[in-house]
Structure formats: C-alpha cells, structure tokens
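These notes are about the structure you will find just below.
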Amino acid sequence: MYRKSMIGVAVGALLLAGCGKQAEAPTATAPDASATVPAPASDHAFDPAITAADFAELTRTLASDEFEGRGPGSVGEERTVEYIRAQMQRIGLQPGNGDSYFQEVPMVETTADAATRLSIKTGDQTLDLAFGSDMVVGTRTGEPRVSVRDSEMVFVGYGVDAPERGWNDYAGQDWTGKTVVMFVNDPGFHSNDEKLFDGRKMTYYGRWTYKFEEAARKGAAAALIVHDTPGASYGWEVVRNSWSGPQYDLPTSDDPDPRLPVQGWITADVARKLFASAGLDLDEAYRKAGKPGFKPVPLKATLSVDLNSTTTRKTSRNVVGVLPGASRADEAVLYMAHWDHLGKHEGEGDTIYNGAVDNATGVAGILEIAEAFASQEQRPERSVVFLAVTLEESGLLGSRYYVAHPTFPLEKIAGVINLDAMSVAGRSRDFVVTGIGSSELEDILKPIAAMQGRRLEGEASVQSGFYFRSDHFNFAKAGVPALYAKGGNDLVEGGKAAGKAASEAYAGNYHQPSDEFDPSWNLDGVVEDLEALHAVGRELAGGDRWPNWYEGNPFKATRDRMMQARQPATAPAAAQ
Ligand SMILES: [Zn+2]
C-alpha cells in the first residue's frame with residue numbers, strides 16, 4: 001500500500017522540488033517517439049484497484065447486444081440501470097438519492113413520422129423534401145400534430161444574437177411565424193478570422209442547440225440548419241441517425257424555455273437549390289454571414305409541413321451512488337458519465353448502437369474509480385458522488401435535470417469530473433483537457449499528469465465545440481467547476497500518427513452500430529487516465545480546497561455568487 005500513500009506526498013514533493021523537470025524532460029527535448037518514451041508510472045504507482053481487466057469486463061458488458069444500445073425508456077435502460085446499481089452496491093456505495101440509487105427523470109418521447117415531407121414553394125417551383133435524404137425535422141412541443149402553412153423563409157446567417165459581442169443576425173424584424181434558415185457553427189469558423197468570435201474555436205453560439213433555442217426565443221414557427229460536415233464536425237449520416245426514431249425531451253414543466261413548433265436540418269445540396277432559387281449563391285452567403293453587420297436575407301420562399309408524431313410520456317433514470325465522507329460528508333466531489341446511447345434502429349443489418357466507446361467506457365470508468373475510493377483504507381473527508389446520467393444523447397437532459405434537482409446542493413460540490421468516450425488507443429504523452437484554461441481543477445490535474453510523464457493539452461478540434469457536448473456543461477452553466485479530460489493523440493506507441501489514425505477510426509464509428517467493444521483494445525492508456533482522474537478527486541475530497549473558474553471565465557461570476565451565499569453571515573462586530 002506504499003504506492004498509494006506515495007501519491008499525495010510525491011505530487012507535493014515533485015512540485016516543491018521542481019518536479020517539472022521530470023515532467024518537462026519529454027517535452028523539453030522535442031518529442032521524438034523512440035528517444036523520449038516517458039517511463040510508465042511503475043505499475044499502479046496510482047491505485048491498484050483500477051485494472052484493465054475490470055474496466056474491460058464492465059465496458060464489454062454495458063456494450064453487449066444484451067443491453068440493446070442502452071436507449072432511454074427501453075428494455076436496454078432497464079438492464080443498464082439495474083446493472084449499474086448492482087455494481088455500485090457491490091462496490092459499497094450508498095444510495096445517492098435518499099434511500100434509492102435512482103433519480104426519476106420525467107421525459108417525453110416523440111417520434112416524428114418518417115414519411116413527413118417538407119414543401120418549399122419558391123417562385124414557380126416547389127421543392128418536395130424527403131425525411132432522411134433531404135432533411136430531418138422534429139418538434140419539441142410534445143404535440144402529436146403540428147402544421148405550418150406558407151411560412152415566410154428568411155436566411156439569418158449563423159442565427160446568433162450575442163449582445164456582448166455586438167452581433168445580432170436577427171436585428172430589425174419580427175420573426176413571429178417565420179421560418180429561419182441558418183448555418184451551423186459560428187461566424188469565426190468559416191471566415192477563418194481569429195478575431196471574430198473565438199476564431200475556429202466554437203463558441204456556444206455555434207452549437208445546434210443554441211440555434212434552435214434562439215429561434216424559439218424570437219418566436220419563429222420553424223428553424224432549419226444547413227448541414228456542412230466541417231462546420232458540424234460530423235457527416236449527414238450522424239444527423240440522419242440522431243434525428244430518426246424516438247427523440248427525448250424534458251416535459252415543458254421541467255424546462256420552461258420556449259420551444260419551436262418545427263426544427264431540423266437540410267442537406268447542403270438542398271440549401272444550394274433553395275438559395276439558387278432566390279438568386280443567391282450558397283458560398284457567397286457563407287462569406288456574407290461571416291461579416292459583422294450581416295443583415296437577414298429573404299429567400300423568396302415559403303415552407304409548409306404537416307408534422308405527425310407519436311408522443312409518449314415516460315420516465316428515465318439517473319443512477320447515483322455515494323461514498324460518505326469521513327468528516328465533511330456534507331461537501332462532495334462528483335464523478336459523472338452518461339449511460340445512455342442510441343438504442344436500436346428499424347433497418348437492416350446491425351441494428352444495435354452498442355455505444356462501447358460512447359459511453360460504456362465512461363460508465364466503466366466511474367465504477368472503477370468508485371472501487372478505488374471504496375477500497376482505500378482511509379475514507380476521504382468529503383463525500384464522493386458517482387452519477388450515471390440518462391438522456392445525454394438527447395441534449396444533455398439527464399444532467400440538466402440533476403442540476404435542477406441536485407441530490408447534493410451545488411454550492412457544496414467542490415468539483416465535477418466528467419467521463420465521456422474514453423480513449424482506448426493506448427498510453428499517451430498528452431492529457432487532453434476539453435476547454436483547457438477554464439478552472440483551477442486543471443491545477444490539481446497538471447502535477448498528477450506530470451507524474452505520469454504527461455503534459456496537459458487543449459482539444460485538437462476546437463471547432464467541434466466538445467465543451468458544450470457533454471454533461472459537465474450543465475454543471476458549468478450552473479457555476480460548478482467541471483473537468484472533462486482524457487488521454488490524447490500523442491501516443492507513446494506510434495506518436496501522433498498513430499493517435500490520428502485511432503481518432504479517425506473512432507470518428508468512423510461515432511454514433512454508428514460499429515461502435516463496439518474490441519478485446520484487442522490497448523487499455524493501458526485508459527487505466528492511466530482513470531488513475532489520474534481518481535488522484536484528482538482524492539486530492540479534492542481529502543482537502544478543503546474550493547477550486548474556482550479562472551478569471552475571465554463566463555461561469556466564474558455564478559460560482560462567486562453561489563459561494564458568497566454559502567458564507568455564514570458574519571457576526572456583527574462586538575460593540576466597542
Ligand atoms: Zn457520449
């Protein structure tokens with residue numbers, strides 16, 4: 001057990017003793033795959049309870065056909081949440097929601113009729129668009145039948161209203177009942193202008209969820225996003241797969257924000273035809289939309305659609321277990337991972353979206369970390385919460401519900417660590433922190449990663465907006481510092497080339513039935529990631545730090561207010 005206690009001390013010592021040196025060695029001497037392989041932290045210099053074998057077994061099981069792609073509200077959900085609860089119980093975690101391991105999440109399941117067609121009248125012709133091949137649409141209203149008739153179509157650029165950036169693509173018009181057409185991502189992306197928004201790094205304004213939220217706030221009847229693979233950072237097949245079949249949402253009672261009667265995507269080909277029919281050139285439209293002062297452009301077309309959907313009210317479940325703290329049990333560190341995936345599709349061939357990487361690996365990861373905490377001789381002072389959320393694939397809804405109904409007061413949560421789509425490509429020299437430069441949680445991770453001979457890096461594809469695409473984002477929006485980090489692409493075996501090949505292979509499986517468990521995966525890297533993320537949580541749970549967001553971070557003000565409110569009212573100064 002020597003190694004375990006070593007951790008705390010070693011990190012401190014290295015920091016004091018300029019550990020950087022050790023850590024720096026690999027980087028200082030320009031990475032040369034063969035020469036500077038960082039010595040693997042001797043087996044389990046971190047925590048022996050985290051093993052590749054256990055991780056593999058958990059991942060293989062959760063990603064097996066028996067779990068039917070872990071669709072919310074399905075038989076797959078039943079088996080998944082029962083399995084996670086049983087594992088939490090086996091590990092020795094207490095129920096995390098009163099005397100239950102489950103938190104019911106009300107949801108509305110809406111399935112749009114795949115025979116739906118969009119009809120766009122332009123001048124003397126009509127574009128008749130088919131679901132799946134030309135467009136995808138749906139409604140979040142929960143209404144079984146939504147009709148839009150001859151709604152005026154207007155191109156609104158990127159559909160962004162960002163007062164703090166002096167940018168409003170909706171300026172000067174009443175949008176009630178209109179149909180807005182817009183591009184994905186934000187003005188900084190296609191214009192390649194580093195000074196515009198955050199340049200190629202996607203801001204929340206670039207996310208498809210924001211686009212529909214804003215169009216709904218403007219009172220539009222319908223909103224259509226033009227798909228382009230670089231802008232979306234995934235191909236049309238991902239859009240088609242994600243929008244086909246049941247869609248889930250929180251009931252309006254749980255999420256009062258306005259909702260669009262009709263929302264969806266059109267292919268680039270359809271957009272090109274639509275713009276051409278209005279005498280516009282799509283490529284020119286991209287240039288114009290990326291310029292400050294953009295003005296909405298009428299498309300001289302109207303949209304009509306009768307959207308029939310089946311809607312069912314159901315509940316899904318978050319699964320939550322807790323390891324009570326030894327002395328400050330009312331404070332907590334929270335680990336999370338989404339258990340849900342895309343379930344099954346109707347078509348031919350392999351119909352199950354097994355979701356091995358996304359996100360059986362994350363759930364297996366938090367269970368392995370829980371095992372490490374539970375097998376520690378000494379309980380940490382603070383409690384450690386393990387949360388497996390539902391409905392991530394449907395818009396981060398399970399975590400949104402948890403943040404609105406936390407089983408642990410948010411102001412008592414010192415930090416959140418999110419695991420989503422862990423790397424199964426082997427050990428890496430880089431530890432990728434999505435949205436790096438956000439919070440002081442990174443200051444805890446950095447020396448720990450250095451002990452593994454690794455450096456912290458930001459995510460490579462900043463244009464993909466990964467920071468907004470996983471559950472930590474709901475905690476961040478509520479002000480709670482959150483970390484989303486995992487092994488990167490600078491692989492110990494094969495360097496960046498191997499890493500690139502591995503992430504391209506995963507991109508091909510992303511949200512496809514082919515995302516399946518592979519016994520030949522090299523799990524040394526993910527074990528190292530889990531050891532490091534465990535060490536971060538142990539450091540936090542073992543102390544009294546309250547890491548905050550860095551200066552300038554948009555969520556810091558919310559946290560400051562939250563922590564202020566937590567302060568016990570100062571006793572009035574005794575009368576002199
Ligand atoms: Zn995921």
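The values are calculated or read from the model by the stated rules, or taken from the named source; none is laboratory data. Since we're looking at a predicted model, the values are computed, not measured. Glycine gets a Cβ as well: all are built from the backbone with ideal geometry, and neighbour counts include every protein chain shown. Heads up: the accessible areas ignore ligands, DNA and RNA and are worked out on the full protein's heavy atoms, side chains in. Shrake-Rupley method; radii C 1.70, N 1.55, O 1.52, S 1.80 Å.
Things worth noting here:
- Residues that are within 16 Å of the ligand (Cβ to nearest atom), open to solvent by 30 Å² or more (accessible area, probe 1.4 Å) and either in a strand (DSSP E or B) or more than 30 Å from R566 (Cα to Cα) (or both) do not occur anywhere in region 320-335.
- Scanning region 378-400 for residues that are open to solvent by less than 10 Å² (accessible area, probe 1.4 Å), of a type outside the set (S, T, Y) and either within 16 Å of the ligand (Cβ to nearest atom) or touching an Asp or Glu at 6+ places or on another chain (Cβ under 6 Å) (or both) turns up R382, L387, A388, V389, L391, L397, G398.
- Complete set of residues in region 336-351 that are part of a strand (DSSP E or B) and open to solvent by less than 20 Å² (accessible area, probe 1.4 Å): M336, A337, H338
- Pairs linking a residue in region 79-90 that is in the same structural domain as V363 (by TED's automatic domain parsing) to a residue that is open to solvent by less than 40 Å² (accessible area, probe 1.4 Å) and of a type in the set (D, E), with Cβ atoms under 8 Å and 6 or more positions apart or on different chains, are T80/D340.
- Among the numbered conditions (1) modelled with pLDDT of 95 or more; (2) under 24 Å from R559 (Cα atoms); (3) in a helix (DSSP H, G or I), the only one that Y467 does not meet is (1).
- Selected residue (criterion: nearest to the ligand (Cβ to nearest atom)) from residues of region 414-433 that are within 18 Å of the chain's Cα centre (by Cα) and under 19 Å from A450 (Cβ atoms): S423
- So K273, is it touching a residue at least 24 places away in the same chain (Cβ under 8 Å), in a loop (DSSP other than H, G, I, E, B) and more than 30 Å from G98 (Cβ to Cβ): no
- Number of the exception - L445 against (1) within 23 Å of I366 (Cβ to Cβ); (2) under 17 Å from the mean Cα position of the chain (by Cα): (2)
- Residue match in region 134-143 (condition: loosely packed, with under 15 Cβ neighbours inside 10 Å and at positive phi): no
- T176 passes every criterion in (1) open to solvent by 50 Å² or more (accessible area, probe 1.4 Å); (2) at pLDDT below 90 apart from (2).
- Only one entry of G495, G537, G542 meets the criterion of being of a type in the set (G, A, S) and under 23 Å from the mean Cα position of the chain (by Cα), and that entry is G537.
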